[in-house]
Structure formats: structure tokens, C-alpha cells
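The values are calculated or read from the model by the stated rules, or taken from the named source; none is laboratory data. This structure is a prediction, so every number in the text was calculated from the model and none was measured. We place every Cβ from the backbone using ideal geometry, glycine too, and count neighbours over all the protein chains shown. For accessibility, only protein heavy atoms count, side chains too; no ligands or nucleic acids. Shrake-Rupley method; radii C 1.70, N 1.55, O 1.52, S 1.80 Å.
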2 protein chains.
Amino acid sequence: MSGVVAPGLEGVPIAESGISFVDGEKGVLEYRGINIDNLAAESTFEEVCYLLLKGSVPSESQLKDFESHLCENRKLRDGVIKIIRTLEPTGHPMDALQAAVAATGMFFKHNVSDPGYRYLAAIQLIAKLPTMVAAFARIRKEQEPIEPDHSLGHAANFLYMLTGEKPPEPAAHILDVCLILHADHTMNASTFSARVVGSTLADPFTVVCSAIGALSGPLHGGANERVVKLLQEIGTLDNVEPYINAKMDAKEKIMGFGHRVYKTNDPRATVLRGLADELLKSDGDNGVLKIARRVEEVVTARLGTKGIYANVDFYSGLVYNKLDLETDLFTPIFAIARVSGWLAHWLEQLEDNRIYRPRQIYSGEHGVTIARPK
Amino acid sequence: MSGVVAPGLEGVPIAESGISFVDGEKGVLEYRGINIDNLAAESTFEEVCYLLLKGSVPSESQLKDFESHLCENRKLRDGVIKIIRTLEPTGHPMDALQAAVAATGMFFKHNVSDPGYRYLAAIQLIAKLPTMVAAFARIRKEQEPIEPDHSLGHAANFLYMLTGEKPPEPAAHILDVCLILHADHTMNASTFSARVVGSTLADPFTVVCSAIGALSGPLHGGANERVVKLLQEIGTLDNVEPYINAKMDAKEKIMGFGHRVYKTNDPRATVLRGLADELLKSDGDNGVLKIARRVEEVVTARLGTKGIYANVDFYSGLVYNKLDLETDLFTPIFAIARVSGWLAHWLEQLEDNRIYRPRQIYSGEHGVTIARPK
């Protein structure tokens, strides 16, 4: 027993895991041993989900079955739509998602000790999260929710359910890549929370509900929302240099730069930077992408030697903005991607489970008493 | 950096905390330095909430103000009642509670960086949880929810909101003591989950929602439900000895006995054993309390020397049963009590916060590739 607390458990290993791997020095991220660049170029989010849950790349027919299962499970029950209709429209979509996931779990009998059930529940959750987010996003604007379209892939269908229009291929592709890039990232607060709650043998809807809660915290998800705010504040290309220099001279943090793990380029940002070029063509003179590129140049010139570079939030924020997605949907989209990682960690946790019950170091008094006349 | 994983983080300290203290060898539990026996005899759940949140016993006027704040915050918005009406009536009340808490959070603007807001939010959550549990418990039986009665204390009002009848004083008192006994218990999976989610600066409704999730797992909350099942299976006083002996000869676990921390009498069970005497008077020949006492005698005779005694779940299960509470409300009642501890830990976490981001030990492959014809 150690008597020293590591704040935030930094450096303390809480599990052996074979799901993802990060080399922060070299800027490498792998899922099940496959480099993220390779997956972004050759795979789809659906295939990555299979890879994370099952441990290896599916055969063609396995992938087809998996995609069919996802499609079949996209639709929400009428009862769930009814619940989403009653939610407060001004509330945050992350809270709406948490409520919708908890409420959906009430319709199922859970059998957490059965690996077959666990796998099916994982498919249900991955399939339904986008439908929940899209339904709330429309209902709060007094628009009718749109039923999933089985002819569309996971990312394209999500965009379709938001707008009712089939998205152009580049938009669907770039969102698909964003989902791949956000699917897992070793241990972090939401994944850890999924493992802690999962270790009590709580049902998977409850597990995901808790992880959504952790992701909703501004120290975890949410950085990409603030990137958009930064770019909007800057406003024009000419304003980039004075704005950023003033902020950095005042030692303020620039949103979307630096990462706790990556001391070189965030490999996810590198992938998105490449894809953003396609979108850049349609950017006006003071377009958000041009401003962002200039921000990156200015910041990297000053901080790159210190290992501080644009991170995935910087690029996902501006890509989502360019796709006309509402800013408060950015973190729910993170959840739509990361749910695959949470569930892979949940499955892994249950293979060799032990309930998390750490220790505390008591720092208070002893022997206080209350005595009072009765 | 240690390279060894402690399963379940057993023995690993994750925080310094001045909220509660357990001595498992001596069978001692203290809140803020005050022995649980002392609190059970001299305090109320409301006062214990103040003690846990604020760190010391309130003055008479501080307690009065605190009780008023709790009373004022008991009522649910119409919008929340409407949501509870839409929840699936056959679902588990813990999932309903999770959904209701998440949905309620959507009505508020959260300012987690403001200690004043944090304290008020804690009061709101402690006040509203019983109303949510009672509302769902009635609505699922097609009964109208009952508005809180401000003339009643926290425990009595909960029983009133379940039935519409003011409870007899002994019933209200014993539930109040049960709430006191379950209010905090150092680090455990739900409290830890509250700290992990809280460390992301997520809002307090989200934090509590996640902790409810962890408590819902059968390895955490829920043991007292299974105690009732055991007593029902035994059925008669004469059947106790053969039933228990057969189960123990087969090396099966007897629900409600033994505790990970207490190697002697669980001090909470000791308090409840004393209070159950009052209820025992109204017990028939084969009443559940008489059967329970006999079970305790038989098990303790065989296992007491090994440090295995009746725990708090054993007694709370049968007390709740004797109070005619529905079995699947036992864990929600645990949540109604423990929310005070979760929030005290949340407040403590935020005083000196660092996001939980532990490490994993990667156990998978490297250098796998996908290459396929486009």
C-alpha cells in the first residue's frame, strides 16, 4: 500500500488493455495495432467499431453483417422519441443524450454476464446514439425527427437525420474520418468512468450514460467548441497575428493547441489537416479555414519548438463548423465516435473484472461528538 | 511510474479526504470525525447532509435554514414530472432516476467554478432525489405523484410521497436512521465515479447521474434486494437452519454477510439491529424479522470466528421490507442517502481539482496494417 496520492492518478496504470496505443513522443496512435493514418485512409467508422469491439479487422461478410446489425438498430422506439420530445429544448444536448440513453435502457432486459448480450448491446448503443443526438437537435428547433436511411453509412446517415438532405460525399467522408479519429484514445476520464461503472456490473446503457457525463465536462470534451469561438472572435485574416500575439504575450492559453500526451504533432490533427484542404477550396477570403491555418502558423512559429502543436480539437472544431454543424453538437459527435471505444473497454473490463474500490487517505479529525438535550 | 496494475485499484489511494473514516478492524465509521452511533442517536439525515457538505455540525439556525432550503427544493418542475410520466414503467427505478436527474439538469445554467452555485446545486439534488423516486414509483402503478409536504422531515416526506399517508413516527425514524447510515462510506465505486466525472468539471446533475449508474451495478448497490429474496426463499422459522446449513455446506455465499472492509461487526448493522427490535414486536411467528434474526444466529455461529458478520445490507433489506417498500426501490433509497456523500466528495474534489487521467499498460500488438484494393 502506497501512502502517496498521485493527483488525477497520473502515471498510475489502472488496467492492461489491448485496444489502443499512443506514443506521444513519436505522434503515433494505433487501434488494435493498426496506425490511425492507415485506418483513416482505408477503413470506415463501422469497420473501426468492429475492430475495437472484436479485436481484429472483419472479413468482408463479417463487416456486411455488422453493418446490417448497426442499420437495424438505428431506429429509436416511439417511447424514446416521446421522451426526447419532453426534454427541455434549451438544455445541453449532452444532458439530453444522457437522459435518452438512460431512458432507452429501461426498455431492455440486461444480462451482463452473457458475452452474446454484451456484444449486441454494444451494437445497439453505437447504432442509436446518432439517432438520439439528431432527434434532439431537430425537436428543440420544433422540427420533426427524421428516420434513419438504411442506404447511408453511419456518418452520412447522421448528417441526413440532422437536415433531411443526403449529404455530399466529401462531407460524409470527412465526418466518417472524424469519427474514426475519435473512436478511442487509451485511458481518459470518460473511458475510465466507463470501466469504473462497468466494474459494478451495471448495464451497458448505464455505463455509457456515465461516460457521456464525464465527456460533457469542459476539461474533457468541449475544447473544439471553444476553438470555434476563438476563430469567430478573430473574425478576419488580418486580425490573426495581432490577436494571437496579444493573447500569447498575456500568457493566455490558445484553444486547440498542445496535448497532455502528444509532444509532437497530434497524428489525428495531421489527418484532418490533409482532409481540410478539400473544404478549403470553398472558403472565402476571411473564411474560417483560412483563418485557422494562419492561427496554426502563428502559434506553431512561437510554440512548436516547445512541443506545442495544433491538436485534434483544433481541426475537428473547424471541420464541424465548416459542415454547418451547431457548435453544441460537437461534444455529442465526440460521444457518437467514442462510444465505440467506451464499449470496447467495457467488454475488456468484463473479461477479467474486479470492482474498482480504491483507497483514500483520511485527512480529517477523530473523536468529535454531538451531545444535546433531547 | 509503476508498471503493475492493482486490480480494482485495491489499496491505491486516489484522494486525501476528510469526509468519512472507516476502521474495519475495530468496526468504526465516522463522518467528519463523529461516530456513526452518535449520529444515529442524536442527529437527523438533514443535519448529516449539512455535516458532510460543510464539514461541521450546524448551529440551530444554520440547520433551520438548511432544512428550509431542502424543503423549498423538493418539488419537481412540471417538465420533469412530464418526463417521468413518459419513462417505461417496467424499467428499473435506478435507470428512471438516472434519466430524471439528467433531464432535470437541463433546466439549469451551471456554474461549476462558483462555490456558491455548487453548494446550492448540492441542496437541490439532495432535495429532489426522493421526489423523483416517489414520482416514478407511483406513476408506474398509474397513481398520481404526490407533492412534498413541508411539515415533514426528509425521510417522513419520502414515505408520504410514496403512499399519500403520513407515516407513523417509528417508520419515519428508522428510515431516517437508514439514510444517516448510508450517507457516506469513504471511497467506493459510485463515490469514485462521482469524483472522476466531477474532475472534468461536468455539472453536478451529470456527476450524480454517473454515480447513480455505478450504484445500480449488482456488485455495488443491490445486495439488500437479494437479502429479501433469501428470506422469502427460507419462508419459515423452522426452515432457517436446514436451508442455511445446506447453502453453507455447498460453499454458497449468504447474502448480507461479510464486508470487504469490516472484519468485525459492521457498525451500521449494529445500529439497525437495535432499531429493528421496535419493528420486531409487530412480527408474526414466521415474520421476516424473526427469520432474519435466526439466520444471523446460524451464520454467525459458523462464520463469526472468521470475521464474517451481518452487514448493513442485511438489516437495511429487512427493515425496508418491513416498511412495505417495494424491493426494487431499495437501491434508489440507497441513492437518496448516498447522494449527500457523493456531493460532499464532489465539493472536496473541486477544491483542489485535477482531472483523472490514469495510465494503461498496453498489452496488444503493433504494426498491423490494412491494405485493400480501392
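Scanning region B:247-259 for residues that are open to solvent by less than 60 Å² (accessible area, probe 1.4 Å) and on the phi < 0 side of the Ramachandran plot gives B:Lys247, B:Met248, B:Ile254, B:Met255, B:Phe257, B:His259.
The residues on offer are A:Thr206, A:Thr186, A:Thr200, and the sole one that is open to solvent by less than 10 Å² (accessible area, probe 1.4 Å), closer than 21 Å to B:Pro7 by Cβ, among the polar types (S, T, N, Q) and modelled with pLDDT of 95 or more is A:Thr200. Summed over region B:133-150, the residues that are in contact with an Asp or Glu (Cβ under 9 Å, 6 or more places away or on another chain) and either of a type in the set (S, T, N, Q) or part of a helix (DSSP H, G or I) (or both) give a count of 2. For A:Ala292, the test of being of a type in the set (Gly, Ala, Ser) and without any contact (Cβ under 8 Å) to a residue 60 or more places away in the chain is failed.
When residues in region B:151-200 are screened for being away from chain A (no Cβ under 14 Å) and assigned to a helix (DSSP H, G or I), 21 of them pass.
State whether one or more residues within region A:89-98 are acidic (Asp, Glu), under 25 Å from A:Thr327 (Cβ atoms) and either touching a residue at least 12 places away in the same chain (Cβ under 8 Å) or within 13 Å of chain B (Cβ to nearest Cβ) (or both). Yes, region A:89-98 contains a residue that is acidic (Asp, Glu), under 25 Å from A:Thr327 (Cβ atoms) and either touching a residue at least 12 places away in the same chain (Cβ under 8 Å) or within 13 Å of chain B (Cβ to nearest Cβ) (or both). Residues of region A:30-45 that are within 7 Å of another protein chain (Cβ to nearest Cβ) and among the polar types (S, T, N, Q): A:Asn38, A:Ser43. Open to solvent by less than 50 Å² (accessible area, probe 1.4 Å) and within 26 Å of A:Ile355 (Cα to Cα): is that true of B:Asp283 in this structure? In short, no. Yes or no: region A:181-192 includes at least one residue that is charged (D, E, K, R) and closer than 23 Å to A:Leu325 by Cα. The answer is yes, given that some residue of region A:181-192 is charged (D, E, K, R) and closer than 23 Å to A:Leu325 by Cα. For region B:119-127, check the following and say yes or no: at least one residue is open to solvent by less than 30 Å² (accessible area, probe 1.4 Å), assigned to a helix (DSSP H, G or I) and of a type in the set (Phe, Trp, Tyr). Checking region B:119-127: not a single residue is open to solvent by less than 30 Å² (accessible area, probe 1.4 Å), assigned to a helix (DSSP H, G or I) and of a type in the set (Phe, Trp, Tyr). Scanning region B:45-56 for residues that are within 17 Å of B:Val271 (Cα to Cα) and without any contact (Cβ under 8 Å) to a residue 60 or more places away in the chain returns no hits.
On the basis of being modelled with pLDDT of 95 or more and either closer than 30 Å to B:Ser43 by Cα or more than 25 Å from the chain's Cα centre (by Cα) (or both), does B:Thr191 make the cut? Against the criterion (modelled with pLDDT of 95 or more and either closer than 30 Å to B:Ser43 by Cα or more than 25 Å from the chain's Cα centre (by Cα) (or both)), B:Thr191 qualifies. In the condition set (1) farther than 14 Å from A:Ala171 by Cα; (2) of a type outside the set (Phe, Trp, Tyr); (3) open to solvent by 40 Å² or more (accessible area, probe 1.4 Å), A:Val295 is compliant with all but (3). Looking at region B:60-108, the helices (runs of 4 or more DSSP H) lying wholly inside it that each contain 3 or more residues that are open to solvent by 20 Å² or more (accessible area, probe 1.4 Å) and farther than 24 Å from A:Pro93 by Cβ sit at B:60-72. Whether any residue in region B:338-347 is closer than 16 Å to B:Ala223 by Cα, open to solvent by less than 10 Å² (accessible area, probe 1.4 Å) and at pLDDT 95 or above is what I want to check. Yes, region B:338-347 has at least one match. Selection of region A:1-44 for residues being outside any strand (DSSP E or B), touching a residue at least 24 places away in the same chain (Cβ under 8 Å), open to solvent by 40 Å² or more (accessible area, probe 1.4 Å) and not basic (Lys, Arg) yields A:Met1, A:Gly3, A:Glu25, A:Asp37, A:Thr44. Pairs are defined by a Cβ separation below 8 Å, a sequence spacing of at least 6 or placement on different chains, a first member in region B:341-368 that is more than 10 Å from every other protein chain (Cβ to nearest Cβ), and a second member that is of a type in the set (Lys, Arg) and in a helix (DSSP H, G or I); the pairs so defined are B:Trp346/B:Arg118; B:Trp346/B:Arg195; B:Leu347/B:Arg118; B:Gln349/B:Arg195; B:Leu350/B:Arg118. Is region A:307-323 home to any residue that is over 20 Å from the mean Cα position of the chain (by Cα) and surrounded by fewer than 17 Cβ atoms within 10 Å (Cβ to Cβ)? Looking through region A:307-323, at least one residue is over 20 Å from the mean Cα position of the chain (by Cα) and surrounded by fewer than 17 Cβ atoms within 10 Å (Cβ to Cβ). Scanning region B:7-29 for residues that are within 23 Å of B:Ile308 (Cβ to Cβ) and facing another protein chain (nearest Cβ under 7 Å), we see that the one that is modelled with the highest pLDDT is B:Phe21. A residue that is within 14 Å of chain B (Cβ to nearest Cβ), polar (S, T, N, Q) and within 22 Å of A:Arg354 (Cα to Cα) can be found somewhere in region A:204-219.
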